[in-house]
């Protein structure tokens, strides 16, 4: 069982943005920085380094973990400093994020700052956690996300325990015990110091907003500027968060239905209207039907389309309206007996292919979530929550309710309990929320902006998860704040592009 990932859209939808960025300049950081960063050229335009941090702060004998750091140097010889980015997840690679988004940032921002990101501990190239073989991960990905009978619950519990055992066997135990946000917050401050920045300029997307919030709470006087895009509100608690996220994806699925019905290239490929076609397919899948996914020569080895694979595939397309056409394609193909489009979407979302594990986002997501917030409690509580969420979110409520089941059997107890964030003593922090954001609902941005001692809410209207890459108006307002520290006017509302 997996929680829905909260990260910048897996497909990023960034290729559609104009390439306004010049090639990287020489960069202001010396080859060897005082904080222990030794830079080397990497991936043509970038410089890379590693930052050694203790696995357990305050215990030198615990050993260290080397964090992978990447920098896209400013196009100016005299930038203001560095912006550190986190793309979310938890579990998404910051290194890959910056490599993929190199052309997405306006020239004014590139001239004003070095752009920096890193793989947090346990993620990507930073002492990565693992949860076993590709075969085992694929098996876990195919587990029923919404068991509704005693036999189904027993099967899911058994599969979950097998997955947890594989994680424990394939991850360094000391790191597994200290991979939560409370540790990464300290790593982030070490990175700030190593970069030579007196104060941190930070942009966090999705889960990256929670990392930023925890940083501002612990180190309020170390913050220069902070943007929380697609904000998480830890004051809500697990049950309310699950309900509101399930409702958010439900609303975005309904948005897809309306778009597809009014778009001939989508609706014309379906045997009936989009909502009915979807209902027909997913009720069959939920009842145990399986659609083969090896219809084409390039599809060998794809898992068949079952309920779990289908639901993850749908979720992957709801992060951005630009991927709604792919959902229409997947739905039409599946109704014709080819589940390969859904299967490819699901594997990509989980960081898998038919031949290898390309990302450890699944392992890291589980480990960090379990250490950050833990499980609900008894199996009866999961069953009760599934029934509670189903009326308002019939497509995603039950699976959202079961999403933290892995944490019930996780070997590491939560290191902290989420709660309100005030960041008293920090400067104004800009919180960005999209009115139809599926993964981090708009109400979360409203809540954290209110809870922060100096929170400023910036609103984007429209669908899609996070806002910076979906609105030139948002980019303009955020870039102005990052450069000049001028916050958006109260009540600012931006349209989507």
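The values are calculated or read from the model by the stated rules, or taken from the named source; none is laboratory data. What you see is a predicted model; the values in this text were computed from it and never measured. Cβ: placed from backbone, ideal geometry, glycine included. Neighbour counts: every protein chain shown.
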Kindly indicate the residue of segment 211-230 that is over 16 Å from residue 475 (Cβ atoms) and under 16 Å from the mean Cα position of the chain (by Cα) and also surrounded by the fewest Cβ atoms within 10 Å (Cβ to Cβ) among those meeting that condition.
211
Condition set farther than 17 Å from residue 350 by Cβ and under 20 Å from the mean Cα position of the chain (by Cα), scope segment 126-160, selection modelled with the lowest pLDDT: answer is 127
Residue list for segment 260-276, restricted to those being out of contact with any helix residue (DSSP H, G or I) (no Cβ under 6 Å at 6 or more places or on another chain) and closer than 22 Å to residue 438 by Cα:
262, 263, 276
Show the residue pairs that are 6+ apart or on different chains and have beta-carbon atoms under 8 Å apart, the first residue being within segment 317-332 and assigned by TED's automatic domain parsing to the domain that holds residue 467, the second being modelled with pLDDT of 95 or more.
none
Being in the same structural domain as residue 160 (by TED's automatic domain parsing), part of a loop (DSSP other than H, G, I, E, B) and more than 17 Å from residue 141 (Cβ to Cβ), is that true of even one residue in segment 338-360?
yes
Going through segment 436-458 one residue at a time, which ones are surrounded by fewer than 22 Cβ atoms within 10 Å (Cβ to Cβ) and assigned to a loop (DSSP other than H, G, I, E, B)?
453, 454
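Within the bounds of segment 377-392, is there any residue that is under 29 Å from residue 493 (Cα atoms), modelled with pLDDT of 95 or more and assigned to a loop (DSSP other than H, G, I, E, B)?
The first filter runs over segment 377-392 and keeps only residues under 29 Å from residue 493 (Cα atoms), leaving 392.
Keeping just the survivors that are modelled with pLDDT of 95 or more gives 392.
Filter once more, keeping what is assigned to a loop (DSSP other than H, G, I, E, B): 392.
Yes, because at least one residue in segment 377-392 is under 29 Å from residue 493 (Cα atoms), modelled with pLDDT of 95 or more and assigned to a loop (DSSP other than H, G, I, E, B).
Residue by residue, here is whether (1) touching a helix residue (DSSP H, G or I) at 6+ places or on another chain (Cβ under 9 Å); (2) closer than 14 Å to residue 481 by Cβ; (3) modelled with pLDDT of 95 or more holds:
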| residue | (1), (2), (3) |
| --- | --- |
| 195 | no, no, yes |
| 200 | yes, no, yes |
| 203 | yes, yes, yes |
| 211 | yes, no, yes |
| 218 | yes, no, yes |
| 222 | yes, no, yes |
| 232 | yes, no, yes |
Quickly run through segment 258-281 and pick out the residues that are in a helix (DSSP H, G or I) and surrounded by fewer than 18 Cβ atoms within 10 Å (Cβ to Cβ).
258, 261, 264, 265, 275, 276, 279, 280
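Residue 253: part of a loop (DSSP other than H, G, I, E, B) and closer than 14 Å to residue 400 by Cβ, yes or no? Before you say what the answer is, go through the steps one by one.
Values: part of a loop (DSSP other than H, G, I, E, B): no; closer than 14 Å to residue 400 by Cβ: yes.
Here the answer is no, as residue 253 does not meet what is asked.
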Across (1) part of a strand (DSSP E or B); (2) within 16 Å of the chain's Cα centre (by Cα), residue 461 clears everything bar (2)
Screening 433, 455, 491, 464 for residues that are at positive phi and in contact with a helix residue (DSSP H, G or I) (Cβ under 8 Å, 6 or more places away or on another chain) leaves only 464
Within segment 333-357, can you find the residues that are surrounded by fewer than 19 Cβ atoms within 10 Å (Cβ to Cβ) and touching a strand residue (DSSP E or B) at 6+ places or on another chain (Cβ under 7 Å)?
337
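State whether one or more residues within segment 269-277 are assigned by TED's automatic domain parsing to the domain that holds residue 163 and on the phi > 0 side of the Ramachandran plot. Before the answer, list the steps.
First, pick out the residues of segment 269-277 that are assigned by TED's automatic domain parsing to the domain that holds residue 163: 269-277.
So of that shortlist, the ones also on the phi > 0 side of the Ramachandran plot come out as none.
No, there is no match, as no residue in segment 269-277 is assigned by TED's automatic domain parsing to the domain that holds residue 163 and on the phi > 0 side of the Ramachandran plot.
Conditions tested, residue by residue: (1) out of contact with any helix residue (DSSP H, G or I) (no Cβ under 9 Å at 6 or more places or on another chain); (2) part of a helix (DSSP H, G or I); (3) surrounded by fewer than 24 Cβ atoms within 10 Å (Cβ to Cβ).
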{"site": "310", "(1), (2), (3)": "no, yes, no"}
{"site": "319", "(1), (2), (3)": "no, no, no"}
{"site": "331", "(1), (2), (3)": "no, yes, no"}
{"site": "364", "(1), (2), (3)": "yes, yes, no"}
{"site": "374", "(1), (2), (3)": "no, no, yes"}
Take the residues of segment 282-303 that are in a helix (DSSP H, G or I) and surrounded by 14 or more Cβ atoms within 10 Å (Cβ to Cβ): which is modelled with the lowest pLDDT?
299
